[in-house]
Amino acid sequence: MRAPVTDLPLVFEQANVIAGGVTILDHVSLTLSAGPPTVLIGPNGAGKTTLLRVAMGLTPLSSGRITWNGQERSGSGSDSASKARRAIVFQRPAMLRRSAAANIDYALAGVSAPRAQRIDELLALVGLSGLGSRPARRLSGGEQQRLALARALARDPAILFLDEPTASLDPAATKAIEDIVRAVAARGVKVVMSTHDLGQAKRLAGDVVLLHRGRLAEHGPTPAFFDTPRSDEARQFIAGELLV
Amino acid sequence: MAGETSAFQLVLAGDPGLYAIVWLSLVVSLSAVACAALIGVPFGAWLALTRFPGREGIIVVLNALMGLPPVVAGLAIYLLLSRSGPLGSFGLLFTPQAMVIAQTLLVTPIIAALARQTVEDLWAEYRDELAALDVRPFRRVATLVWDARFSLVTALLAGFGRAAAEVGAIIIVGGNIDGFTRTMTTAIALETSKGDLPLAIGLGMVLMAIVIAINALAWGARRAGEHYAG
Ligand SMILES: Nc1ncnc2c1ncn2[C@@H]1O[C@H](COP(=O)(O)OP(=O)(O)OP(=O)(O)O)[C@@H](O)[C@H]1O
Ligand SMILES: [Mg+2]
């Protein structure tokens with residue numbers, strides 16, 4: 001059994017990201033607690049990717065802070081014990097110039113258990129059985145996205161960040177990924193994902209975060225967010241009228 | 001060399017004088033490429049992955065040194081190794097070792113600059129992924145060099161092509177001594193001026209064959225890279 005998640009809640013306090021004179025995250029205060037997936041929504045350029053990168057420690061804050069269960073973390077790899085428990089699937093994942101199986105193996109390095117078997121399990125989990133020996137960069141966009149998910153899961157994360165994990169997937173693969181997200185979340189892994197698919201947000205999210213122009217427009221439990229949105233932005237976004 | 005012997009006869013008959021020259025050329029240039037690779041690949045990778053003031057300047061100089069005139073490299077090494085030079089006491093001038101040193105000077109910037117470019121491009125692509133996987137610095141470098149291996153082999157072959165084809169550096173520091181420091185290129189220069197065209201042409205043919213073989217290998221490395229890495 002996995003150890004209980006001790007890193008949560010993940011708290012953003014007045015998080016600001018300014019790059020090239022542009023404010024990308026604007027005083028975001030947000031608490032992500034253990035439990036069902038948190039889904040980030042918002043128009044293109046709202047700051048979803050940036051928020052996930054900040055949480056992974058890949059983009060530094062300009063001001064404000066992030067705490068994990070009350071503790072501040074550098075995020076720069078000095079505390080690898082906690083970092084090892086986080087994984088991300090990028091919106092456009094980079095594939096190592098190796099086979100699909102070797103891409104998973106790379107993330108498994110350090111795991112002592114029989115790796116070949118684990119690789120096969122993970123490939124099967126994301127529906128890539130039989131493609132293990134293919135060069136990863138020759139896989140289709142959707143297959144690469146699924147391989148990236150398998151690679152992230154290989155890390156056995158306690159917190160899994162997914163940046164539009166189904167953006168280029170066909171309906172069957174989208175359903176498969178949603179099933180994986182549910183299964184992973186049921187095992188106690190905290191999933192934080194972004195999506196442009198409101199149906200998906202309704203299906204998966206325990207709580208929904210709406211970002212707009214770098215600001216947190218609304219954060220609430222899923223049914224309330226969609227049924228009784230408090231902010232104008234949320235109302236407009238749900239109606240398909242919110243613009244960048 | 002008998003003037004009436006044709007170039008083809010020399011090459012096909014396996015003329016021992018000719019093949020000794022070919023052998024020495026290969027040994028010198030391959031040794032130089034090996035030395036240059038040991039210096040240039042780590043240096044290039046380091047330059048690709050670190051940021052410090054003056055880095056851009058080093059890259060510009062490195063790129064400029066790719067076009068270092070062989071005679072200038074030869075002159076620099078000559079000054080270093082000549083009896084009154086700082087390394088004169090080793091007595092290396094006019095030896096094959098001196099030729100290896102001169103060609104290493106010539107080839108290292110090529111390999112370092114190409115390695116820097118290759119590793120940096122790959123780093124831009126891998127950076128986030130490796131950071132997210134929390135890869136330690138040593139493994140990071142190993143990963144980048146390994147995944148760039150086919151491009152790096154191409155860089156080594158480019159360096160070898162440069163070394164095998166140059167004459168200016170080795171003729172200055174080697175002295176073109178018959179049976180000791182005479183290589184294909186220096187022999188061609190000498191025999192042509194002496195009028196022994198068959199030997200010059202024979203060596204020229206062998207040299208061309210080697211250059212074509214190098215390019216075929218470089219091509220093959222690129223194709224292999226595409227095949228294995230996608
Ligand atoms: N390094 C940077 N320098 C300047 N601007 C940036 C930088 N990174 C991101 N941005 C800008 O910040 C804004 C938010 O980007 P982000 O990628 O977080 O949006 P997103 O919500 O993920 O959008 P999408 O739905 O299109 O993926 C965009 O306008 C983007 O152009
Ligand atoms: Mg995004």
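Quote the charge dipole size of the protein assembly as shown about the Cα centre in Debye, to the nearest 20; the model charges only the Cβ of Lys and Arg (+1) and of Asp and Glu (-1).
Approximately 780 debye in magnitude.
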For each of A:212, A:27, count neighbouring Cβ atoms within 10 Å of the residue's Cβ, then give the residues from fewest to most. A:27, A:212
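So if we plug the beta-carbon distance of residue A:18 and residue B:19 into 1/(1 + (r/R0)^6) with R0 = 56 Å, what FRET efficiency do we get, rounded to 0.05?
Calculated value: 0.25.
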Inside 10 Å of the C-beta atoms of A:129-140, what's the mean count of C-beta atoms belonging to other chains? 1
Sort A:39, B:11, B:71 so that the residue with the fewest other Cβ atoms within 10 Å of its own Cβ comes first and the one with the most comes last. B:71, B:11, A:39
Expressed as a whole-number percentage, the relative contact order of chain A with C-alpha contacts under 8 angstrom and at least six residues apart is 27
For the range B:2-229, what does the relative contact order come out to in percent, with C-alpha contacts under 8 Å and a separation of six or more? 32
Where a label projected 7 Å from the Cα of residue B:5 along Cα→Cβ would reach, residues of the range B:194-222 with amide N under 14 Å: B:196-203
Calculated FRET value between residue A:230 and residue B:215, using beta carbons and R₀ = 45 Å, to 0.05: 0.10
Rg ratio (alpha-carbon, reference 2.2 N^0.38 Å) - the range B:40-98: 1.49
Using the Karplus equation 6.51 cos²θ - 1.76 cosθ + 1.60 (θ = phi - 60°), what ³J(HN,Hα) coupling, rounded to whole Hz, does each residue of the range A:107-115 give in order, writing x for Gly and Pro? 6, 7, 3, x, 7, 8, 4, x, 6
Kirkwood Rh over alpha-carbon pairs of the protein assembly as shown, then Stokes-Einstein at 4 °C and 1.567 mPa s: what D in µm² s⁻¹, rounded to an integer? 49
Quick one: grab the alpha carbon gyration tensor of the range B:2-229, order the square roots of its eigenvalues as a ≥ b ≥ c, and give me rounded if a/c is under 1.5, else prolate or oblate depending on whether a/b is larger than b/c. oblate
Averaged over every viewing direction, what's the projected area of the C-alpha convex hull for the range A:10-238? Give it in nm², one decimal, please. 12.6
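To the nearest whole number, what is the average tally of beta carbon atoms from other chains within 10 Å of the beta carbons of peptide A:95-102?
5
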All other residues with a Cβ under 13 Å from the Cβ of residue A:134 taken together, and with Lys, Arg as +1 and Asp, Glu as -1, what is their net charge? +4
For residue B:68, enumerate residues with amide H under 5 Å from its amide H, sequence gap 5+ or separate chain, H modeled in the peptide plane. none
Just to confirm my numbers, what's the Cα centroid distance between the range B:164-185 and the range A:161-191 in Å? 66
Most mobile listed residue (B:181, B:104, B:143) in chain B, GNM with C-alpha springs under 10 Å: B:143
Residues B:94, A:90 arranged by fewest to most Cβ contacts within 10 Å: B:94, A:90
In whole Hz and in residue order, list the ³J(HN,Hα) couplings for the range B:160-172 that follow from phi through the Karplus curve 6.51 cos²θ - 1.76 cosθ + 1.60, θ = phi - 60°; x for Gly and Pro. 5, x, 5, 5, 5, 8, 7, 10, x, 6, 6, 6, 6
Of the listed peptides A:142-153, A:100-111, B:50-61, what is their order by residue-averaged count of other C-beta atoms within 10 Å, with the highest listed first? A:142-153, A:100-111, B:50-61
What distance in nm separates the two pseudo spin-label positions at residue B:223 and residue B:49, each 7 Å out from Cα along the beta-carbon direction? 3.2
Run the paramagnetic zone check for residue B:194: 7 angstrom along Cα to Cβ, then residues of the range B:3-41 with backbone nitrogen under 15 Å. B:3-5, B:16-22
Give, rounded to the nearest 20 debye, the magnitude of the charge dipole that chain B has about its Cα centre when Lys and Arg contribute +1 at Cβ and Asp and Glu contribute -1 at Cβ. 480
Taking R0 as 22 Å and r as the Cβ-Cβ distance between residue A:112 and residue B:138, the FRET efficiency 1/(1 + (r/R0)^6), rounded to the nearest 0.05, comes to 0.65
Out of B:164, B:155, B:13, a Gaussian network model of chain B with alpha-carbon springs under 10 Å gives the largest mean-square fluctuation to B:13
Please go through the range B:1-81 and write out the chymotrypsin sites (Phe, Trp or Tyr not before Pro) that DSSP classes as loop and that have at most 15 other C-beta atoms within 10 Å. none
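Every read-out reported here was derived from the displayed coordinates using simple, explicitly stated rules and does not represent laboratory data. Values in this document were obtained by computation on a predicted structure and should not be read as measured data. Neighbour counts run over all protein chains shown; Cβ positions are idealised from the backbone, glycine included.
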